[in-house]
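Below is one structure, written out as structure tokens; comments come after it.
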Amino acid sequence: MMSQVRRSAASIAANIAEGYGREHRGSFIQFLRIAQGSLKELETHLILCGRVNLMVESDVLRLLTQSDDLGKMLRAMIRSLQRKP
């Protein structure tokens, strides 16, 4: 389970970097959306880790709060890129 957490967390950053590296706004937006999916996958793994007692509940809640903040940043970045002419 912890390897799944690490994999999905790494996937978020990797997709942001890959999209940025494509140097095309449409591709960047698409990869930001993929990063959002990886973020949701990470959140699911964190919840499961809490349910099966692989992580302390307070750690799960702290990470989910940080995850929510990151999700807001991704959504704001996508909206900003979509508004540009």
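The values are calculated or read from the model by the stated rules, or taken from the named source; none is laboratory data. What you see is a predicted model; the values in this text were computed from it and never measured. Because the Cβ atoms are built from the backbone with ideal geometry, glycine has one as well, and the counts that use them run over all protein chains shown.
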Item to complete: Would you confirm whether any residue within the stretch 33-51 is farther than 30 Å from L81 by Cα, in a helix (DSSP H, G or I), among the polar types (S, T, N, Q) and out of contact with any Asp or Glu (no Cβ under 9 Å at 6 or more places or on another chain)?
Response: no
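Yes or no, residue by residue, for (1) out of contact with any His (no Cβ under 7 Å at 6 or more places or on another chain); (2) among the small types (G, A, S); (3) modelled with pLDDT under 95:
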{"site": "Q36", "(1), (2), (3)": "yes, no, no"}
{"site": "T44", "(1), (2), (3)": "yes, no, no"}
{"site": "E57", "(1), (2), (3)": "yes, no, no"}
{"site": "L61", "(1), (2), (3)": "yes, no, no"}
{"site": "S67", "(1), (2), (3)": "yes, yes, no"}
{"site": "R75", "(1), (2), (3)": "yes, no, no"}
{"site": "P85", "(1), (2), (3)": "yes, no, yes"}
Worksheet item: Which pairs do you get when a residue that is touching a residue at least 24 places away in the same chain (Cβ under 8 Å), found in the stretch 56-85, comes within reach of a residue that is among the polar types (S, T, N, Q), reach meaning Cβ atoms under 6 angstrom, with the pair 6+ apart or on two chains?
Response: L74/Q36
Item to complete: For residues that are among the small types (G, A, S) and farther than 27 Å from G19 by Cβ, scanning just the stretch 38-85, find the one that is surrounded by the fewest Cβ atoms within 10 Å (Cβ to Cβ).
Response: S58
